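Novice: Pasting a structure below so you can have a look.
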Amino acid sequence: MGKNPFAKPASQPPFLHQMLGLTRYHRVERLAFLALIAPNFILFGVFTFWPLLYNLYLSFTKWNMIVPNPTWIGLDNYAAMIQDPIFWRVLWNTIYLATGSITIRLVMALALALVLNQKLAGRDVYRAIIFSPTFTTGAAIALVWAWIFHKDLGLLRLPLSWLGLPSPNWLADVNWTIPALIIVTIWRGLGYDMVIFLAGLQGIPAELYEAARVDGAGRWALFRHITLPLLSPITFFLIVTSIIGALQVFDIVAVMTQGGPMNSSKVYVYYVYENAFKFFKVGYAAALSMVLFLITLAITIFQTRLSRRWVHY
Amino acid sequence: MTLLNSHRQFSPLRLGRALSAHAVMVFAVALTLFPMVYALLVSTQTTQEYYTFPPNLLPGTGTLHNFAVAFERAALARLVFNTTLISLAVAFGKMILSVTAGFAFVYFDFRGKLVFFIVIFLTHMLPVPVRIVPTFQLMDQLGWVNTYWALTIPFFASATGTLLFRQLYMTVPASLADAARIDGAGPLQFLWNIIVPISRTNLMALFLIEFIYMWNQYLWPLIVANAETTRVIQVGLKVLIATDAAVEWNIVMAGVVVAMIPPLIVLLLTQKSLITGLSLFEEK
């Protein structure tokens, strides 16, 4: 966490040329390096960087995948985006889903991590089970939730009926689709956040608490002035990765609601998919992808900048 | 945490605190498990057994029928085969490419290495959905749509894996490589006899995580391999729900159970090394 990826090794192992008994690096070494690294780079070049460039080009064109060549239309796709009410709705849905899910999830994950951060019988078992949804299959679990959210027969109606509450028509009511998706994303992401928080809590030196207690600090003061500030790099990391993750939600939406009803649950990547592969508006989809790319890039740059100032190490 | 175990002797306060901690955890475990357990239950029930309110929370009598119908209707055997095949291929491919690239970054020296490293680092931050449209075009031009190639080759390179192994090799003591040199080992012997063995834990973690990651892929297979021969299980399940008649949820759940079980088994068998491994992936 927070390790500088560009840091130099603590003790530089001998380079190949030293191992071969040569005094400086040699052409052989460069060739061997290139040979070892070539598969990775060719694959990245072909399947990552070329598509990104090609995507930029496509975003300035109009194309339906049927006629042989895209037609250049300049910035028209971007202009269309600004005037597209569905685009703004999609952006709002994505932000709503992200903030709802992330805030609730982080608070719950921190609470659970605090409870687990003590000697407790069966701790590893608790941790593994709560972590398990991280690895469940989105498309499959979305089908289970679709049935749990069923208005008349769904399992979720049970606790609501105990409280005497009517069950909302979760996946068919424009006001309830995003809350339903928030529930599913919290369920899936909670365990991961908890495990990361727990790792962070275990990294806080016990002496800090001891010293503060000697000074007469209470439990709340310890939490407020030691735990929270020392967890801030982790919290920040989780917020940023969760936002980037939330921008990419696709499978549960595709399976549970297909963006409906009336676009109420249409999220960003689903809209890209729909434009490209259902409406065959390839240029428009490419422009939407570019904007997603720029948003992600901005968040990443913002993260590296801000983490220096805001985060207390 | 010392806060809670500083008084060693028995005290009612401590007991109460432990009990409430267990209560919180049991509640969290119940909330975590109920969708999976419920899917398992419904997959055993006949239509009469599951189509009621309040929901029937006992195992039913329709297990064999439900799974048989699911396997037949969605060609589940083929879907499981396809998914297993591509997940294994990608996990192995990523292991090999990550070790060689990580090794090259640490043990080779020349100007311009930093540029390569920055490229890898940037790749690591690019979300996949950003490039689905052009990558699909590329698959189309290569004639790879609805082939296993499209499901494997674009996934082989691993920025995360490369960073992970680079990080590991930077902590290898220089004396190890020196000793190897004195023994007259060439770089390839060094890679195979020393570097690969010390990578075992990380390789295991990378393999598990990438296997599950591939098993759970949905968007890309949906776009690029939606033919009966190459479909993966996540995509194929929709056959069970996309009917004109009423959805038979017990059959759907049988399919869901088949799709969910392999990653969960992998997780349960290896939870320790997987969670340890995952902490290596924090940057992801």
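Every read-out reported here was derived from the displayed coordinates using simple, explicitly stated rules and does not represent laboratory data. Keep in mind that what you see is a predicted model, and the values were worked out from it rather than measured. Here the Cβ is made from the backbone with ideal geometry for all residues, glycine too, and neighbour counts use every protein chain on show.
Novice: With no solvent and one equal point scatterer per Cα, compute the Debye intensity ratio I(q)/I(0) for region B:2-68 at 0.27, 0.28 Å⁻¹ and report its log10, rounded to two decimals.
Specialist: These q points yield log10 I(q)/I(0) values of -1.08, -1.11.
Novice: Mind listing the Cα extents of region A:92-192 along all three principal axes, in Å, largest one first?
Specialist: 44, 33, 26 Å, listed from the longest principal axis down.
Novice: Could I ask something else about it? If you average the C-alpha positions of region A:229-272 and of region B:164-202 separately, how far apart do those two centres end up, in angstrom?
Specialist: The distance from the Cα centre of region A:229-272 to that of region B:164-202 comes to 41 Å.
Novice: Taking the Cβ of A:P133 as the center, what net charge do the other residues with Cβ under 14 Å away carry, scoring Lys and Arg +1 and Asp and Glu -1?
Specialist: Taking every other residue near A:P133 into account, the sum is +1.
Novice: Normalised by the residues of region A:30-130, what does the relative contact order come to in percent, with Cα pairs under 8 Å and at least six apart?
Specialist: Result for region A:30-130 is 11 percent.
Novice: In which sequence would B:T32, B:T84, A:T94, A:T99 go, from the one with the fewest C-beta neighbours within 10 Å to the one with the most?
Specialist: Ordered from fewest to most neighbouring Cβ atoms within 10 Å, B:T32, B:T84, A:T94, A:T99 come out as A:T99, B:T84, B:T32, A:T94.
Novice: Per-residue HN-Hα couplings for region B:22-39, Karplus 6.51 cos²θ - 1.76 cosθ + 1.60 at θ = phi - 60°, whole Hz, x for Gly and Pro?
Specialist: 5, 4, 4, 5, 5, 4, 5, 5, 4, 5, 5, 7, 4, x, 5, 5, 5, 4
Novice: Averaged over peptide B:100-107, how many Cβ atoms belonging to another chain are found within 10 Å of each residue's Cβ?
Specialist: Counting Cβ atoms of other protein chains within 10 Å of each residue's Cβ and averaging gives 6.
Novice: Mind checking the log10 I(q)/I(0) for region B:75-280 at q = 0.09, 0.14, 0.15, 0.18 Å⁻¹? Debye, one equal scatterer per Cα, no solvent, two decimals.
Specialist: The Debye formula, applied to the Cα set alone, gives -0.45, -0.93, -1.03, -1.28.
Novice: Additional query: What is the protein assembly as shown by shape, rounded, prolate or oblate, if you read a ≥ b ≥ c off the alpha carbon gyration tensor as root eigenvalues and call it rounded for a/c under 1.5, prolate for a/b larger than b/c, and oblate otherwise?
Specialist: The shape class here is oblate.
Novice: Just to check I understand the Karplus step: with θ = phi - 60° and J = 6.51 cos²θ - 1.76 cosθ + 1.60, what whole-Hz values come out for region A:282-288, glycine and proline as x?
Specialist: Result, ordered by residue: 5, x, 5, 4, 5, 5, 4 Hz.
Novice: If you count, for each residue, the other Cβ atoms within 10 Å and average over each peptide, how do A:165-174, B:40-49, B:143-152 line up from highest to lowest?
Specialist: B:40-49, B:143-152, A:165-174
Novice: Still on this structure: Where does helix B:76-107 land angle-wise versus the long Cα axis of chain B, in degrees 0 to 90, nearest 10?
Specialist: Helix B:76-107 sits at roughly 20 degrees to that axis.
Novice: Other chains' Cβ within 10 Å of A:272-284 residues: what's the mean?
Specialist: Average neighbour count from other chains, rounded to a whole number: 2.
Novice: Taking θ as phi - 60°, what are the ³J(HN,Hα) couplings along region A:270-276 by the Karplus curve (6.51, -1.76, 1.60), each to the nearest whole Hz, with x for Gly and Pro?
Specialist: After applying 6.51 cos²θ - 1.76 cosθ + 1.60, I find 4, 5, 4, 4, 4, 5, 6 Hz.
Novice: Can you give the FRET efficiency for B:H65 and B:I182, using 1/(1 + (r/R0)^6), R0 = 56 Å, r = Cβ-Cβ distance, to the nearest 0.05?
Specialist: Approximately 0.25, to the nearest 0.05.
Novice: Right, here's the next one. Can you sort A:L163, B:L13 by how many other beta carbons sit within 10 Å, fewest first?
Specialist: A:L163, B:L13
Novice: Let me ask something else. Can you sort B:M253, A:M65 by how many other beta carbons sit within 10 Å, fewest first?
Specialist: A:M65, B:M253
Novice: Here's another thing I want to ask about it. Can you tell me which of B:206-218, A:136-148, A:199-211 comes out highest on packing, and rank the rest after it, using the mean Cβ neighbours within 10 Å?
Specialist: Ranking, from highest mean packing down: A:136-148, B:206-218, A:199-211.
Novice: What average number of partner chain Cβ atoms lie no more than 10 Å from the Cβ of the residues making up B:32-40?
Specialist: Whole-number average of other-chain Cβ neighbours for B:32-40 is 6.
Novice: Scaled to the compact-protein estimate 2.2 N^0.38 Å, what is the alpha-carbon radius of gyration of chain A, rounded to two decimal places?
Specialist: 1.27
Novice: I need to check one value: relative contact order of chain A, counting alpha carbon pairs closer than 8 Å and at least 6 residues apart, in percent.
Specialist: Once normalised by length, the contact order is 26 percent.
Novice: In percent, what relative contact order does region B:75-280 have, based on Cα pairs under 8 Å that are 6 or more apart in sequence?
Specialist: The value is 35 percent.
Novice: Follow-up question, since we're still on this one. Enumerate the amide H contacts of A:T61 below 5 Å, restricted to partners 5 or more residues apart or on another chain; note that Pro and chain-start residues carry no placed amide H.
Specialist: Here A:I73 satisfy the definition.
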